[in-house]
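What follows is calculated from the coordinates using simple rules that are stated; it is not laboratory data. Keep in mind that what you see is a predicted model, and the values were worked out from it rather than measured. Every residue, glycine among them, receives a Cβ derived from its backbone with ideal geometry; neighbour counts consider all protein chains shown.
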Amino acid sequence: MIRQVEYFEKPGKENSERCIEIVASLVDEGYKHLVVATTVGDTGVAMARRLHGKDVNLAVVTHSAGFKEPNQFELLPENRDEILRLGGKIYTGTILTHSIETAFSQKFQGLYPSMIVAQSLRRFGEGAKVCCEIVMEACDGGLIPEFEEVVAVAGTGRGADTVCIIKSVASKRFLELKVLEILAKPRG
């Protein structure tokens, strides 16, 4: 198999449109399960609009309530409504590498397994780490099936700058997760 990989000069939302087009071409190839990270909802809405009317299973994964600050939910209500109206599903939950261990680390300055995993995945870029997390979260939430090739899209900060094809598993089976292809990512 020969596949072209797109490398972006810089991370960030200016790469979102190109990532969405890469995903659309993968849908044309037959990929049905898509997982997209979104914070306030802009990336989720853009993906849902681009794929509206296609035979796809779009799971949009958001930060948990209180992620940024107590009692705050980052996904804007109007974006949530638009994603759902366009046929997307939404998963909101704890980021797998931001679990209870984060609280212990902040309090006791230790290093814990999920933090080691997160730092190891970041060697491929923030977006690649997030792609792995959101696929497991979407499986945990029952929004996508396990052991399927799924397209995952995430970014560095806001927007999208990374596209991966991942063999999906629930977080309980993390060691069986496989990053099959990285189709787009920032170089820096």
The extension gain from V40 to K107, computed as 0.36 nm times the residue separation minus the Cα-Cα distance, is 21.3 nm
Expected sort for 56-62, 110-116, 22-28 on mean C-beta neighbours within 10 Å, highest first, is 56-62, 22-28, 110-116
The Kirkwood hydrodynamic radius of the range 6-186, taken as the inverse of the mean 1/r over all distinct Cα pairs, in Å, comes to 16.2
Given unit charges at Cβ for Lys, Arg (+) and Asp, Glu (-), the dipole magnitude of the range 37-78 about its Cα centre in debye, nearest 20, is 180
Residues of the range 152-169 with backbone N under 15 Å of the label point set 7 Å from the Cα of K10 along Cα→Cβ are 156-161
Taking 0.36 nm per residue of separation between H52 and E21 and subtracting their Cα-Cα distance, the length gained on full extension comes to 9.8 nm
With the 8 Å Cα cutoff and a minimum separation of six or more residues, the chain has a relative contact order in percent of 30
Among trypsin sites (Lys or Arg not before Pro) in the range 39-143, those in a DSSP loop whose Cβ has at most 14 other Cβ atoms within 10 Å are K54, K68
Calc'd 3J(HN,Hα), the range 22-29, phi into Karplus 6.51 cos²θ - 1.76 cosθ + 1.60 (θ = phi - 60°), Hz, glycine/Pro = x, comes to 4, 4, 4, 5, 5, 4, 4, 6
Sorted by number, the cysteines in the chain with no other cysteine beta-carbon under 4.7 Å are C19, C132, C139
